[in-house]
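The values are calculated or read from the model by the stated rules, or taken from the named source; none is laboratory data. These numbers were taken from a predicted model, which means no experiment stands behind them. Here the Cβ positions follow ideal geometry from the backbone for every residue, glycine too, while neighbour counts run over all protein chains shown.
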Amino acid sequence: MIIAIDGPAASGKSTTALGVAQVLGIRYLDTGAMYRAVTLAVIREKVDLSNVKSVDACLSHIELSLKFENSKAHVFLGDEDVTEVIRGIEVTRTVSAVSALPSVRRKMVSLQRKIAWQGDTIVEGRDIGTVVFPNADFKFFIVADYETRGERRLNDIKKMGIDLSTEEIIKDLKRRDKIDSSRMHSPLTKAEDAIEIDTSGMTLEEQIGLIIETVKKGEKGGK
Ligand code: DC
């Protein structure tokens, strides 16, 4: 079974997807983390993003792998566990530009399909229901208003000891939404048959409960 969850940054989709995966006892594949790991490699190697050859050279030698434990994956570049470091501010600022590159997307999509076909998986990202798994068993599109998203992101980054105002965070979310939704390749869009859930004002338990109930009832979204 494949459950596709898409939506913009900080809409609550990652925590919801992980919660659902743990309740169902299946794997949670965070595809954003994969794009973040590539971005970390690109930053470290000072790759010029406007130079396709340098990007491809970097892609051809990075060894990206995931190790699952209790539904969740640790992300590795070679032998290094980069799960935490890919959440940093520089990767967050650069990842939209890196994930817009066609060669990066091709490599990531092929890896995502390979991983998810190994067993029941919740796959979360921006293009899962539209491009990666258009035939997913269930598709959800998670949204929330900017105020809610700004506050959620603020809580996340506070835990990392980073000091930013809600206004700065919302400005960055808007900038990323614009890049993610307007890029030429696999932009962020709701699949016609996805069920939309607005998580503004919902608790995490309510979000998880709603998805589990839908999956158990076998309800699909309408066109
Ligand atoms: O979910 P996230 O914020 O960790 O995702 C990081 C970036 O990766 C985000 O700016 C968009 C991109 N992304 C993508 O283009 N396609 C996906 N399937 C997942 C993430």
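Kindly state which helices (runs of 4 or more DSSP H) lie completely within the range 1-107 and contain at least 1 residues that are under 30 Å from I211 (Cα atoms) and touching a strand residue (DSSP E or B) at 6+ places or on another chain (Cβ under 6 Å). Give the steps one after another, and end with the answer.
Numbers: elements: 13-24, 31-44, 52-61, 89-99.
Correct list: 13-24, 31-44.
Output yes when any residue across the range 189-198 is at negative phi and in a helix (DSSP H, G or I), and no when none is.
First, the residues of the range 189-198 that are at negative phi: 189-198.
Narrowing further to those that are in a helix (DSSP H, G or I): none.
Looking through the range 189-198, none of the residues is at negative phi and in a helix (DSSP H, G or I).
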Criterion violated by S110 - all others in (1) touching a residue at least 60 places away in the same chain (Cβ under 8 Å); (2) assigned to a helix (DSSP H, G or I) satisfied: (1)
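Yes or no, residue by residue, for (1) surrounded by 12 or more Cβ atoms within 10 Å (Cβ to Cβ); (2) at pLDDT 90 or above; (3) charged (D, E, K, R):
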residue	(1), (2), (3)
F76	yes, yes, no
K107	yes, yes, yes
V143	yes, yes, no
R149	yes, yes, yes
M160	no, no, no
E167	no, yes, yes
Members of the range 134-153 found to be among the β-branched types (V, I, T) and within 17 Å of the chain's Cα centre (by Cα), listed by number: I142, V143
